[in-house]
1. Please indicate, with yes or no, whether at least one residue in region 91-99 is within 12 Å of the ligand (Cβ to nearest atom) and open to solvent by less than 10 Å² (accessible area, probe 1.4 Å).
2. Taking PHE43 as the residue in question, decide whether it is in contact with a helix residue (DSSP H, G or I) (Cβ under 6 Å, 6 or more places away or on another chain), of a type in the set (Phe, Trp, Tyr) and within 16 Å of the ligand (Cβ to nearest atom).
3. Tell me, yes or no, whether region 66-77 has at least one residue that is at pLDDT 95 or above, surrounded by 21 or more Cβ atoms within 10 Å (Cβ to Cβ) and within 13 Å of the ligand (Cβ to nearest atom).
4. If you go through region 31-47 one residue at a time, do you hit one that is in contact (Cβ under 8 Å) with a residue 24 or more places away in the chain and at positive phi?
5. What number of residues in region 1-48 are at pLDDT below 95 and crowded, with 18+ Cβ neighbours inside 10 Å?
6. Given the conditions (1) in contact (Cβ under 8 Å) with a residue 40 or more places away in the chain; (2) of a type outside the set (Lys, Arg); (3) within 11 Å of the ligand (Cβ to nearest atom), and given that PRO108 satisfies all but one, which numbered condition is not satisfied?
7. Any residue in region 119-140 that is part of a helix (DSSP H, G or I) and among the small types (Gly, Ala, Ser)?
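The values are calculated or read from the model by the stated rules, or taken from the named source; none is laboratory data. Remember, predicted model here, so these are calculated numbers, not experimental data. Don't worry about glycine lacking a Cβ; one is built from the backbone with ideal geometry, like all the others, and counts go over all protein chains shown. For accessibility, only protein heavy atoms count, side chains too; no ligands or nucleic acids. Shrake-Rupley method; radii C 1.70, N 1.55, O 1.52, S 1.80 Å.
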Amino acid sequence: MKIQRAIPSACAFVPTMGALHAGHQSLIKIARQYCDDVAISVFINPLQFENSEDFEKYPKTPELDESLARDAGASILWRPEVSDLYPESPKQISSGDIGRLYEGASRPGHFDGVLTVVNRLFELVKPKYAIFGEKDFQQLFLIKDMTAKLHPEISIIAAPTIREESGLAMSSRNMRLSDSGIREAKVISNALRAADNKDSIAQARQELNKELANSDFKIDYAEIIDSETFAIADENTTHPRAIVAGWIEGIRLIDNAALTLSRDENLVRL
Ligand code: PAF
């Protein structure tokens, strides 16, 4: 694996902000199913942080990043500097109305920053495939939408969320939780499971909120949405998804899961 500052060209591309873990490795492994050459970028994008303290505090694990990327099968690890990506001021991409909901409501400007950097990375690397995790489901939704409009030649591949044995979705933020915080955080995946296989959306929503309310998790939002439009799900929604965000020990955690309604048990959705 080559480590470089020069712009790579690669068939498959995995953009990251570093602090790699098994979740990122799974993205690289999925990329390898499409292409032999896989580039991974590590760039902590200042445009997507609402406050400079969060940006400064973002974990940096350069040696670990190299060994995890290499072991997962990446061929290039690219570490651009701000001046490599934005020699001039960046072309700002707007995430629109959906970018202002949920994560976007709590983190104003966040998704505009994400789309601005992903657009720039795509312009430079020009991959055929780019892989993003379902863990950041709203991000994935907005990136798919932007790519269809601005880079229709790139296929976005969605990768399933990788979880700890406890059910906690893997995230670079988990390393900021204490042991007891990690135990408490189980409530999030428990709540997502509790919402699954219910008779109706109303019941799924109730179970999701009931489970979270009996915990130390400070809820920001817990909602059932339509995965295809991001509208609030109703009883006619065919692809419902539970999305959750909040804080444990002051650390923001997010998660989501596709839901099946028990009325649909004998249906295979295609
Ligand atoms: O998901 C992330 O790590 C970041 O938002 C991304 C997509 C690399 C853009 O900075």
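1. no
2. no
3. no
4. The answer is no; no qualifying residue exists.
5. Of the residues in that region, 1 qualify.
6. Just one mismatch for PRO108, condition (3).
7. Let us first name the residues in region 119-140 that are part of a helix (DSSP H, G or I), namely 119-125, 137-140.
Next, from what is left, pick out any that are among the small types (Gly, Ala, Ser): none.
Scanning region 119-140, I find no residue that is part of a helix (DSSP H, G or I) and among the small types (Gly, Ala, Ser), so the answer is no.
A quick yes/no check of all residues on (1) open to solvent by 30 Å² or more (accessible area, probe 1.4 Å); (2) at positive phi; (3) away from the ligand (no atom under 11 Å from the Cβ):
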site: LYS126; (1), (2), (3): yes, yes, yes
site: TYR129; (1), (2), (3): yes, no, yes
site: LEU142; (1), (2), (3): no, no, no
site: HIS151; (1), (2), (3): no, no, yes
site: ALA159; (1), (2), (3): no, no, yes
site: SER172; (1), (2), (3): no, no, no
